Each structure stands twice: as C-alpha cells, then as structure tokens.
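Asks: Quick one: the structure is below, and I'll ask about it shortly.
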Amino acid sequence: MDGKPGLFSLLGKRMDWLGQRQNVLAQNIANADTPHYAPRDLKPQEFRRMVERQYGASLKPTATQAGHIQASKLRADDRSVEQKDRYETAPSGNAVVIEEQLIKVTQTQNDYNAITNLYKKQVAMLKMALRGRQ
C-alpha cells in the first residue's frame, strides 16, 4: 500500500493510468501522417483485480434487503460488450484513424472527470466525518 487509504489509492492509480493513456493517444494523433505508424493503446486496467489485490478475494457484494439484485444472478456476459478495433490503413501504411483516436481521447477525459468527482466526494465525506454534523 502506498500510504493512502484504499479507495484513494485505487482512484489515484486509475487517474495515473488515464493520464498515461491520454499521452499515448496524443502520440497517435501526432503521428497521424507518419508512414507505417501503427496506433498504440494501453492494456485496459482490470479493476476487479486491483480491488482483489487491495482488499483480498473475500470482498464480495451482498444483498442487505430483499429487493436487492443477488450478485450471483449477474453473469460476466451481461456486463461485457464486445468491441472490435476497426483500423483503416492508408496507402502510406499509416493505421491511425483520427476519429477513433478522438473518441478514445473523449472517453478517457470523461473517465478522468468521473474519477476526479468521486475523489472529491470521498474527501468531502471525510471532512464531514471529521467535523461532525453541523
């Protein structure tokens, strides 16, 4: 552990990964006219494995009320979407498609904003707990 509470550590790692991904995507866009350049991307982070490493494999969702969805009823197939990379290759051998790269940049920015908001909410909750009710 890096000295930060568990959730802050996970959020920080995700923000670092998103920053690195943004750099890789920027390199792809910068090399859009470079002959024989193939776009790169980072391997996706596996959040489940990060949580298991942080808290152990014993951390499982539980239903605390009868109306809750049972975790055992959810299958991995229900949560995953198959996405194929559709790269075009220019006559120069360059495989960067600017539109695809910009979509990835936008997704990365949206993810970063969501993580930043979650981080802010966690800090606000800690401050509220330290101050007590007012």
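Asks: Of the conditions (1) among the small types (Gly, Ala, Ser); (2) at pLDDT 75 or above; (3) more than 16 Å from the chain's Cα centre (by Cα), ALA114 fails just one. Which one is it?
Replies: Going through the list (1) among the small types (Gly, Ala, Ser); (2) at pLDDT 75 or above; (3) more than 16 Å from the chain's Cα centre (by Cα), ALA114 breaks only (3).
Asks: Can I ask one more? Please enumerate the residues belonging to the stretch 87-134 that are touching a helix residue (DSSP H, G or I) at 6+ places or on another chain (Cβ under 8 Å), closer than 14 Å to GLN22 by Cα and not aliphatic (A, V, I, L, M).
Replies: Of everything in the stretch 87-134, those that are touching a helix residue (DSSP H, G or I) at 6+ places or on another chain (Cβ under 8 Å), closer than 14 Å to GLN22 by Cα and not aliphatic (A, V, I, L, M) turn out to be GLN101, LYS104, THR108, GLN109, ASP111, TYR112.
Asks: Separate question: Go through MET50, MET15 for me and flag whichever is in a helix (DSSP H, G or I) and at pLDDT 85 or above.
Replies: MET15
The values are calculated or read from the model by the stated rules, or taken from the named source; none is laboratory data. Not measured: the values here are computed from a predicted model. So basically every Cβ, Gly included, is an ideal-geometry build from the backbone, and we count neighbours across all protein chains shown.
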